[in-house]
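Following: one structure in structure tokens, then a few remarks.
Nothing in this text is a laboratory measurement; each read-out follows from the coordinates by a stated rule. These figures come from a predicted structure and were not determined experimentally. Cβ atoms come from the backbone with ideal geometry, glycine included; neighbour counts cover every protein chain shown.
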């Protein structure tokens with residue numbers, strides 16, 4: 001399917017139904033969660049995923065201060081995107097509770113307050129820079145969004161395979177259907193922006209090559225990010241997924257032929273994460 005404008009892409013997106021409906025939520029048998037074993041070393045991965053999903057509104061507020069976030073079609077997409085991501089975080093939190101890792105109603109506030117001042121200062125500086133660049137930075141924002149959604153989707157698929165837990169699989173498959181729609185929106189808008197503005201191609205490629213990092217690492221801490229990536233992608237199959245489902249897909253975008261940044265960053269994270277034990281994160285749970 002070919003799209004000529006961002007309006008076309010938004011119309012397509014808005015025609016797609018949400019997967020996490022009241023009917024879906026009522027179908028989850030939470031009482032079955034403890035009937036199946038769950039590997040303890042994957043618990044920090046679940047916490048990380050929950051926290052990343054729950055910080056979406058922070059990223060959204062940052063983007064709204066830029067020309068990209070003020071684009072009427074992108075902002076309308078992000079309003080739904082942000083709501084769906086928060087629900088994803090709430091579902092993962094509920095699963096953790098049912099698994100026996102109790103969290104209270106203030107967990108979300110604690111996640112937000114844990115974001116360091118360095119990240120906030122860095123974010124403010126980037127926002128200021130993008131305002132100076134203007135709409136030429138929209139392609140970079142969109143390609144970053146596409147990469148982050150691609151990697152998130154593959155992370156969920158890897159967790160489904162590694163956890164092999166029926167209730168979690170049901171939840172993650174529903175989340176994945178929504179994440180796939182997000183990936184498609186970001187990707188299609190990114191492609192439009194990069195095709196129409198050669199300067200955007202060069203800018204986006206430079207930023208990805210030199211500054212891309214896995215989603216959540218800056219806000220939640222590099223150690224947690226590295227551990228998660230090592231657990232999910234640290235074997236041969238995980239590395240193959242990064243290469244085939246992310247790097248090769250990204251290389252099809254205008255200006256991104258031969259891109260290796262994602263693979264290199266992932267490999268560095270895997271090596272660092274292999275040295276970290278789950279107990280490092282579970283002590284305070």
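Key figures for this structure:
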| quantity | calculated |
| --- | --- |
| Residues 149, 40, 84, sorted so that the one with the fewest Cβ neighbours within 10 Å comes first | 40, 84, 149 |
| Gain on full stretching of the segment that runs from residue 180 to residue 260 - 0.36 nm per residue minus C-alpha separation | 26.5 nm |
| Förster radius 30 Å - calculated FRET efficiency between residue 86 and residue 170 (Cβ-Cβ, nearest 0.05) | 0.95 |
| FRET efficiency estimate (nearest 0.05) - Cβ-Cβ, residue 62 to residue 206, R0 22 angstrom | 0.60 |
| Zone residues, region 14-57, relative to residue 278, backbone N less than 14 Å from point 7 Å out along Cα-to-Cβ | 37-48 |
| Between 0 and 90°, nearest 10: helix 117-133 axis offset from the chain longest Cα axis | 20 degrees |
| The chain, relative contact order [Cα under 8 Å, separation at least 6], % | 25 percent |
| Per-residue [θ]222 nm for the chain (sum of -39500 (n - 2.57) over DSSP H runs n ≥ 4, rounded to 500) | -22000 deg cm²/dmol |
